[in-house]
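Notes to accompany the following structure.
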Amino acid sequence: MRVLCAAFSREEVTAALRSSINQVRVRVLSGQQRELPDFVSDEFFSDIKNAVELGRANSLRRVINATGIVIHTNLGRAPLAKEAVEAMTAIAGSNSNLEFDLESARRGSRYDHVEALVCELTGAEGAVVVNNCAAAIFLCLSVFARGREVIASRGELIEIGGSFRMPDVIEQSGATLVEVGTTNKTRISDYADAITPETSVLLKSHTSNYKIVGFSSAPSRAELVSLGHEHDLTVVEDLGSGVLVDLAHIGLPDEPIVANVLRQGVDLVTFSGDKLLGGPQAGIIAGRRDAIDQLKRHPLLRTMRIDKLSLAALEATLRLYPPYADPFTRVPVLRRLATSIAELHARAQNVVVQCRDIEGLRTDVVESVAYAGGGGLPQQDLQSVAVALKWEERSTQKLADWLRQAPIPVIGRLEADSLLLDMRTIEDEDIAQIIEALKRN
Ligand SMILES: *Cc1c(COP(=O)(O)O)cnc(C)c1O
């Protein structure tokens, strides 16, 4: 313990010892444990050392996502591309030209760094970026609909995880929601009949995390745009995920592409930076020049402004899209979605081979089902491959706990009586860490 006190501090070691002895006391009193541990053993020493080290670890830590859900909101959504991480690192510890125009030596705008790029990739006339998509929608409605009416279909009054409910956001923005149609059917005439002199926005939302199937219909985007413009209304579409390239070939045919939506005449679209776009947390608003300028002038923008690190990562991520690069090899979210079954099999074999000498562990390569997540359709499953793990002596739940408590936690998926590690959401570089987490004692 003297060694530990020297390496860490007396206070930390004392706290770890107290907590460990307390745990033993609880187990002995409850009859779970009969004998006292050997307080001078290497094992006890190593437990205390682990506890002290864990006490020093940051609360927010890296984990390995082996769940098969590519964009997992609880696990930090999109991992950034190497290029985005480098861009963040480059400005994180230095000053930057965040709001300084290097050409004129005058004050510049943080919003200028990515606007031209977003416009180039989406065909928008203008764009502004805030800290997430919820803020983007809130800003649009506050600016264009406060004190006025917003018309939205009852089939599109979405709730996204984490209590983001469209009716609440509309209300909070100071606008009045006018619901039209029914859950399964809304016609263009429903919108037309609801327009009054108080109407200011027609709102369309991408129902990304559910689908109404069967006897259902909604007006086309073109119909909605033409109705809106006839009455001088702003047509806003919340796209959620923000897709810049066609994803049909990787099994996501229902995701609207931003450029297509804007080409059909929608005035403003909103989308996330950290879903299918594969970048940092951000909310991007793109569309008509005059509407974007109005958003930029509004004082509320300041309360939701994007920070320099996210901005750096976003710019670098956007540069991984055509015509600059191939996002399916460079952007981790898209790369994971696009990985072939053959590659996933090879990765699984690699894991199995490296697990061979771990005593008491059974491994099997099995077929699995992965999901895009992050608002992507839950029923839009992607074929995948997993390594199914089982301990001979102990329960699978214990195995899941053990991996989750590793220095770099590994989060798998319990299915039947195995722990599945889905190969679609890990990288080859993660395998060494997974093996380490299994082997540690
Ligand atoms: C995810 C999502 C949002 C919220 O985006 P955040 O970036 O998490 O704030 C809004 N609308 C839709 C349709 C979404 O899928």
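The values are calculated or read from the model by the stated rules, or taken from the named source; none is laboratory data. On a predicted model such as this, the values are computed, not experimentally measured, just so you know. Note: ideal-geometry Cβ built from the backbone for every residue, glycine included; neighbour counts use all protein chains shown. Heavy atoms of the whole protein, side chains included, go into the accessibility calculation; ligands, DNA and RNA do not. Shrake-Rupley method; radii C 1.70, N 1.55, O 1.52, S 1.80 Å.
A few remarks follow.
- Whenever a residue of segment 233-253 is farther than 17 Å from ILE285 by Cα and outside the structural domain of SER205 (by TED's automatic domain parsing), it has no partner that is of a type outside the set (Gly, Ala, Ser) and open to solvent by 10 Å² or more (accessible area, probe 1.4 Å) lying with C-beta atoms less than 8 angstrom away and at least six residues away or across chains.
- Here ASN260 meets each of (1) at negative phi; (2) in contact (Cβ under 8 Å) with a residue 12 or more places away in the chain with one exception, condition (2).
- Per this entry, GLU53 is counted among residues that are under 30 Å from ALA6 (Cβ atoms), open to solvent by 20 Å² or more (accessible area, probe 1.4 Å) and not in a loop (DSSP other than H, G, I, E, B).
- Qualifying residue in segment 249-259 (condition: within 21 Å of LEU141 (Cα to Cα) and within 14 Å of the ligand (Cβ to nearest atom)): yes
- The listed residue being open to solvent by less than 20 Å² (accessible area, probe 1.4 Å) and of a type in the set (Asp, Glu), out of ASP401, ASP422, ASP417: ASP422
- Answer residue from segment 306-324, given it is open to solvent by 10 Å² or more (accessible area, probe 1.4 Å) and outside any helix (DSSP H, G or I) and is nearest to LEU252 (Cα to Cα) among those: PRO322
- Conditions (1) among the aromatic types (Phe, Trp, Tyr); (2) open to solvent by less than 40 Å² (accessible area, probe 1.4 Å); (3) within 13 Å of the ligand (Cβ to nearest atom); number of the one not met by PHE138: (2)
- Residues satisfying the stated conditions in segment 56-70, i.e. open to solvent by 100 Å² or more (accessible area, probe 1.4 Å) and assigned to a loop (DSSP other than H, G, I, E, B): ASN58, SER59, LEU60, ARG62
- Scanning segment 204-225 for residues that are under 30 Å from the mean Cα position of the chain (by Cα) and charged (D, E, K, R), we see that the one that is most open to solvent (accessible area, probe 1.4 Å) is LYS211.
- Qualifying residue in segment 192-200 (condition: closer than 24 Å to CYS133 by Cα, more than 13 Å from the ligand (Cβ to nearest atom), β-branched (Val, Ile, Thr) and surrounded by 20 or more Cβ atoms within 10 Å (Cβ to Cβ)): yes
- Residue within segment 338-347 that is open to solvent by less than 10 Å² (accessible area, probe 1.4 Å) and more than 24 Å from the chain's Cα centre (by Cα) present: no
- Count of residues meeting criterion [hydroxyl-bearing (Ser, Thr, Tyr), within 42 Å of the chain's Cα centre (by Cα) and either open to solvent by 100 Å² or more (accessible area, probe 1.4 Å) or within 21 Å of ARG440 (Cα to Cα) (or both)] in segment 1-44: 1
- Sub-6 Å Cβ pairs linking a first residue in segment 164-181 that is without any contact (Cβ under 8 Å) to a residue 24 or more places away in the chain to a second residue that is of a type outside the set (Lys, Arg) and open to solvent by 10 Å² or more (accessible area, probe 1.4 Å), at least 6 apart or interchain, are ARG165/GLU159; PRO167/LEU157; PRO167/LEU177, ordered by first then second residue.
- Residue count for segment 146-188 satisfying the condition of being part of a strand (DSSP E or B) and at pLDDT below 95: 5.
- If you go through segment 414-436 and pick out every residue that is in contact with a helix residue (DSSP H, G or I) (Cβ under 9 Å, 6 or more places away or on another chain), among the hydrophobic types (A, V, I, L, M, F, W, C) and within 11 Å of LEU389 (Cβ to Cβ), you end up with 4.
- Annotation note: Cβ proximity below 9 Å between a residue of segment 294-321 that is in the same structural domain as ASP112 (by TED's automatic domain parsing) and a residue that is among the polar types (S, T, N, Q) and open to solvent by less than 10 Å² (accessible area, probe 1.4 Å) (sequence gap 6+ or interchain) occurs for HIS298/SER142; LEU300/SER142.
- One residue from GLY123, GLY155 being open to solvent by 40 Å² or more (accessible area, probe 1.4 Å) and either more than 12 Å from the ligand (Cβ to nearest atom) or more than 30 Å from VAL213 (Cα to Cα) (or both): GLY123
- Of everything in segment 249-266 that is open to solvent by 20 Å² or more (accessible area, probe 1.4 Å) and under 20 Å from the mean Cα position of the chain (by Cα), the residue that is farthest from THR199 (Cα to Cα) is GLY251.
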